[in-house]
């Protein structure tokens with residue numbers, strides 16, 4: 001169930017260039033069931049900025065009623081958010097959207113998790129949930145440069161982790177696809193979140209397999225009412241059938257929407 | 001006693017607060033937050049004869065205290081709205097105002113005739129900000145004669161009262177208001193969004209895929225208020241006011257300006273509970289200003305002036 005609550009900041013710290021890790025606490029956390037969902041945050045108090053900011057959930061601690069987000073302070077809203085300190089409150093609407101299906105991979109099977117940039121965070125909770133039930137995970141994470149990289153250690157603790165940087169400052173030089181081409185495992189499920197060209201490459205590479213893609217789009221309401229974040233559905237492409245990224249997604253099985 | 005009830009053509013409103021068209025879908029999303037029966041009315045998303053996908057994305061861009069949108073009237077089309085959305089809304093005790101859009105007079109007439117037959121549709125809201133494809137794409141709402149004509153034709157076929165939603169993107173909104181009144185409109189809703197744009201500093205190109213979009217939110221409130229204030233003094237049909245309303249105080253300003261009821265738009269995106277919050281706060285606000293009933297406040301901004309002027313004369 002979607003709730004609206006003032007959550008308290010437990011911690012906020014910068015973990016890479018322009019990248020922040022923010023942990024909040026409150027009752028709303030008990031509604032978070034699935035990795036890959038997101039929350040809609042008010043970053044200011046008045047009308048500036050006016051709209052909420054959609055930010056993905058990177059980990060959930062139901063016992064402590066805490067959840068963590070990793071976001072890039074890029075525009076006005078996220079810059080304001082990054083200036084908030086411990087004990088301050090943040091207005092949260094969520095959890096929103098449909099996340100990754102953990103059940104697509106069974107115990108003993110292998111899952112491939114592919115993330116690009118600020119698309120990496122939701123894969124962390126997914127990886128935790130998969131490994132919890134005995135799924136072997138392989139992570140392929142892409143960043144622009146070493147300074148923008150985060151959570152390599154945390155992912156490594158859960159499973160094999162490959163890093164690619166566009167400028168070659170760390171790991172494989174190039175894109176995540178350059179790493180994937182060399183992987184020889186048999187994957188029961190492939191999960192991905194990141195820029196659309198990357199998602200498209202993943203979809204093309206693993207045709208006919210169980211692939212789940214998390215999309216990003218500018219949003220208005222975040223709950224499906226405003227039709228801002230609509231994309232074409234694959235059935236009758238270019239036609240009138242559609243999906244709303246916020247409420248039908250953000251995670252879709254590959255092939256369901258036009259990338 | 002209900003201090004908030006308002007009677008308008010076709011509409012017995014429990015209170016003067018309703019979500020604005022395009023900011024509430026067909027109500028489904030907001031029904032998970034509160035009982036839609038608590039609303040004065042619901043203005044549903046614009047309906048066209050055929051399904052429309054709308055514009056490419058990005059469809060929204062944020063601006064100072066506002067937002068731009070260029071959704072492009074995405075909707076499932078008349079048939080599905082009648083069969084799926086309006087029937088679903090029947091479970092709530094709330095009058096529906098159906099927003100009707102089209103690209104030629106025939107479209108408006110067809111949609112109005114059919115949708116006005118739905119049992120829970122108590123009024124129509126004509127969206128005359130749409131481009132008229134037969135007149136080179138000039139919006140119906142920008143030329144008085146064209147606005148009057150489409151109003152007159154829709155009035156002939158509608159089973160329920162017809163409200164016309166005015167575009168602020170005109171040189172004289174009073175002239176358009178007078179024209180639709182003479183075309184037989186039962187009421188006016190105003191204002192629609194103000195045309196605007198934003199440019200991406202990195203690319204130097206417009207942010208919206210559609211280049212331009214409609215500005216809404218608190219940023220447009222002063223403009224909307226001024227227009228309601230002016231129009232109310234030149235027509236005798238009621239106004240449902242809108243444009244940046246986010247609080248009970250905002251709503252009261254519009255009522256003072258001359259609106260008989262108000263619609264809340266963009267604020268629903270920021271706070272899904274904004275409509276019931278305003279409804280809860282209005283009685284206290286009435287008490288604070290010393291009014292026994294909301295209707296006493298309608299047009300107080302200029303009616304007082306007039307009363308004073310008459311007294312002096």
| query | Are any of the residues in the stretch B:85-92 at pLDDT 95 or above, part of a strand (DSSP E or B) and either within 11 Å of chain A (Cβ to nearest Cβ) or surrounded by 21 or more Cβ atoms within 10 Å (Cβ to Cβ) (or both)? | reply | no
| note | Restricted to the stretch A:239-253 and to residues being surrounded by fewer than 17 Cβ atoms within 10 Å (Cβ to Cβ) and at the interface with chain B (Cβ under 9 Å from one of its Cβ atoms), the residue modelled with the lowest pLDDT is A:239
| field | Residue within the stretch B:61-83 that is surrounded by fewer than 20 Cβ atoms within 10 Å (Cβ to Cβ), more than 11 Å from chain A (Cβ to nearest Cβ), free of Cβ contacts under 8 Å to residues at least 24 places away in the same chain and more than 28 Å from residue B:251 (Cα to Cα) present | value | yes
| message | Given the criterion assigned to a helix (DSSP H, G or I) and crowded, with 20+ Cβ neighbours inside 10 Å, identify the matching residue among A:198, A:219. | response | A:198
| Test: residue A:230 is surrounded by fewer than 19 Cβ atoms within 10 Å (Cβ to Cβ), within 14 Å of another protein chain (Cβ to nearest Cβ) and either out of contact with any helix residue (DSSP H, G or I) (no Cβ under 6 Å at 6 or more places or on another chain) or closer than 30 Å to residue B:27 by Cα (or both) | no
| query | Right, residue A:236: assigned by the TED database to the domain that holds residue A:115, out of contact with any helix residue (DSSP H, G or I) (no Cβ under 9 Å at 6 or more places or on another chain), in a loop (DSSP other than H, G, I, E, B) and over 28 Å from residue B:31 (Cβ atoms) or not? | reply | no
| Which condition number does residue A:73 fail, the rest of (1) touching a helix residue (DSSP H, G or I) at 6+ places or on another chain (Cβ under 9 Å); (2) within 14 Å of another protein chain (Cβ to nearest Cβ) being met? | (2)
| query | Across the stretch B:28-41, which residue is nearest to the chain's Cα centre (by Cα) among those that are over 15 Å from residue A:222 (Cα atoms) and in a loop (DSSP other than H, G, I, E, B)? | reply | B:41
| request: Among the residues of the stretch B:185-200, write down those that are under 14 Å from the mean Cα position of the chain (by Cα), part of a strand (DSSP E or B) and in contact (Cβ under 8 Å) with a residue 40 or more places away in the chain. | output: B:187, B:188, B:189, B:190
| request: Might you let me know whether the stretch A:116-125 holds any residue that is modelled with pLDDT of 95 or more, within 14 Å of chain B (Cβ to nearest Cβ) and buried (at least 20 other Cβ atoms within 10 Å of the Cβ)? | output: no
| field | the stretch A:50-69, subset within 21 Å of residue A:117 (Cβ to Cβ) and either more than 19 Å from the chain's Cα centre (by Cα) or part of a loop (DSSP other than H, G, I, E, B) (or both), residue nearest to the other protein chains (Cβ to nearest Cβ) | value | A:57
| remark: Of the residues in the stretch B:42-59 that are within 9 Å of another protein chain (Cβ to nearest Cβ) and not in a loop (DSSP other than H, G, I, E, B), the one that is surrounded by the fewest Cβ atoms within 10 Å (Cβ to Cβ) is B:52
| Considering only the stretch B:263-296, how many residues are assigned to a helix (DSSP H, G or I) and farther than 30 Å from residue B:70 by Cβ? | 14
| query | When both residues are 6+ apart or on different chains and their Cβ atoms are under 6 Å apart, which pairs have a first residue that lies in the stretch A:1-17 and is within 14 Å of chain B (Cβ to nearest Cβ) and surrounded by 15 or more Cβ atoms within 10 Å (Cβ to Cβ), and a second that is assigned to a loop (DSSP other than H, G, I, E, B) and modelled with pLDDT under 95? | reply | none
| Of all residues making up the stretch B:201-237, the number that are part of a loop (DSSP other than H, G, I, E, B) and surrounded by 22 or more Cβ atoms within 10 Å (Cβ to Cβ) | 2
| Does the stretch B:170-184 include one or more residues that are in a loop (DSSP other than H, G, I, E, B), within 22 Å of residue A:220 (Cβ to Cβ) and without any contact (Cβ under 8 Å) to a residue 60 or more places away in the chain? | no
| message | With the structure loaded, tell me whether residue B:25 is within 8 Å of chain A (Cβ to nearest Cβ), closer than 23 Å to residue B:158 by Cα and in a loop (DSSP other than H, G, I, E, B) or whether it fails that test. | response | yes
| query | For residue B:249, are the conditions met, namely being over 15 Å from the mean Cα position of the chain (by Cα) and away from every other protein chain (no Cβ under 14 Å)? | reply | no
| the stretch A:18-49, residues that are in a strand (DSSP E or B) and either away from chain B (no Cβ under 14 Å) or modelled with pLDDT under 95 (or both) | A:19, A:20, A:21, A:22, A:23, A:24, A:25, A:38
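The values are calculated or read from the model by the stated rules, or taken from the named source; none is laboratory data. Remember, it's a predicted structure, so these values are computed and weren't measured experimentally. Ideal geometry is used to build each Cβ from the backbone, glycine not excepted, and the neighbour counts take in all protein chains shown.
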